[in-house]
Ligand SMILES: [Ca+2]
Ligand SMILES: [Ca+2]
Ligand SMILES: [Zn+2]
């Protein structure tokens with residue numbers, strides 16, 4: 001009998017973490033159950049193994065598979081992407097229920113198919129996030145893409161950021177207009193009434209800009 005193996009589904013998740021977070025700490029990483037796990041039913045215990053207590057033992061093969069992965073929470077991302085960001089990214093992926101049965105992190109459990117956060121009474125899982133692969137032969141065998149390169153993608157602006165950028169743009173255009181009226185040759189050559197009208201316009205614009213900057 002050959003030794004237990006981590007499923008391709010969970011190995012692909014570990015690889016995705018390694019690629020996206022090359023500096024990540026691995027102190028709390030793990031996959032196969034220690035002696036404490038062996039006494040209770042856990043997806044860290046291999047299936048198809050007499051005497052073990054896997055969480056699911058219903059697959060079609062006889063391979064001794066572990067379909068659980070612990071990933072250390074300290075991702076050490078230079079841009080500050082956290083494990084919670086990663087969990088939240090995963091929750092939003094429509095394909096996730098093909099890959100994951102449930103995830104546990106920071107006092108919450110997220111279960112397929114909707115992965116809504118549910119308070120978790122057991123171990124709070126602060127040092128690592130726990131992932132259990134979907135209970136299916138397909139998920140055991142598939143090397144998922146995960147798309148971790150999209151986590152923390154700065155191209156996605158919030159509506160607040162868009163409004164602020166637009167306001168700054170308008171402000172900059174108005175200041176240019178104020179400056180242009182002050183330094184235009186046409187202004188110097190215009191008659192007194194026209195100059196006064198332009199100055200009034202300029203002062204009005206300047207006032208609007210100053211109000212907007214408060
Ligand atoms: Ca198996
Ligand atoms: Ca299998
Ligand atoms: Zn675990």
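Restricting to region 105-142, name every residue that is over 20 Å from residue 55 (Cα atoms) and either part of a strand (DSSP E or B) or over 20 Å from the mean Cα position of the chain (by Cα) (or both).
Listed by number, the residues that qualify are 117, 119.
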Check residue 153 against each of (1) within 25 Å of residue 19 (Cα to Cα); (2) at pLDDT 95 or above; (3) surrounded by fewer than 18 Cβ atoms within 10 Å (Cβ to Cβ) and name the one condition it does not meet. (2)
Return the residues of region 50-86 that are within 22 Å of the chain's Cα centre (by Cα) and in a strand (DSSP E or B); say none if nothing qualifies. 68, 69, 70, 71, 72
With the requirement that a residue be closer than 18 Å to residue 8 by Cα and part of a helix (DSSP H, G or I), what does region 91-104 give you? 96, 97, 98, 99
Hey, could you check region 1-24 for residues that are under 18 Å from the mean Cα position of the chain (by Cα) and assigned to a loop (DSSP other than H, G, I, E, B) and say which is nearest to residue 81 (Cα to Cα)? 21
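The values are calculated or read from the model by the stated rules, or taken from the named source; none is laboratory data. Computed from a predicted structure; not experimentally measured. Here Cβ is always computed from backbone atoms with ideal geometry, including for glycine, and neighbour counts include all displayed protein chains.
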